Amino acid sequence: MLAPGGHVLVAFQVGDEPLHFTEAFGHEEALTFRRWQPDRIAALLGEAGLPVRARAQREPERAEKTPQACLIARKPAAGS
């Protein structure tokens, strides 16, 4: 639930293909990371009535291998 005029921050890894792990931290796992394109997430937010107000994307740093993105969307204030 988001109050009228409230903001939401969505952060995610950028990509098109899921990443699957069968082992993590020394344990057998069934783990899948879903990656997304910022335009797709922005469209989904817009369809949900949360227009995107700001976006940022950066390349991987240090041990990261995947670009990262953040979107800030805002629920319209009541009466606007």
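The values are calculated or read from the model by the stated rules, or taken from the named source; none is laboratory data. Owing to the predicted nature of the structure, the values given are computational and were not obtained by experimental measurement. Here the Cβ positions follow ideal geometry from the backbone for every residue, glycine too, while neighbour counts run over all protein chains shown.
Filtering the range 6-38 down to residues that are among the aromatic types (Phe, Trp, Tyr) and closer than 24 Å to Arg55 by Cα, which residue is modelled with the lowest pLDDT? Selected residue: Phe33.
Residues that are out of contact with any Phe, Trp or Tyr (no Cβ under 8 Å at 6 or more places or on another chain) and in a strand (DSSP E or B) were ranked within the range 34-69; the one that is farthest from Pro4 (Cα to Cα) is Arg58.
Yes/no matrix, rows are residues, columns are (1) among the polar types (S, T, N, Q); (2) surrounded by fewer than 12 Cβ atoms within 10 Å (Cβ to Cβ); (3) modelled with pLDDT of 95 or more; (4) touching a Pro at 6+ places or on another chain (Cβ under 7 Å):
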{"position": "Arg40", "(1), (2), (3), (4)": "no, yes, yes, no"}
{"position": "Gly46", "(1), (2), (3), (4)": "no, no, yes, no"}
{"position": "Pro51", "(1), (2), (3), (4)": "no, no, yes, no"}
{"position": "Ala54", "(1), (2), (3), (4)": "no, yes, yes, no"}
{"position": "Glu59", "(1), (2), (3), (4)": "no, yes, yes, yes"}
{"position": "Thr66", "(1), (2), (3), (4)": "yes, no, no, yes"}
{"position": "Leu71", "(1), (2), (3), (4)": "no, no, yes, yes"}
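Quick check on the range 20-33. Is at least one of its residues aliphatic (A, V, I, L, M) and touching a residue at least 24 places away in the same chain (Cβ under 8 Å)? Checked the range 20-33: no residue is aliphatic (A, V, I, L, M) and touching a residue at least 24 places away in the same chain (Cβ under 8 Å). Counting the residues of the range 1-29 that are loosely packed, with under 10 Cβ neighbours inside 10 Å and in contact with a Phe, Trp or Tyr (Cβ under 8 Å, 6 or more places away or on another chain) gives 1.
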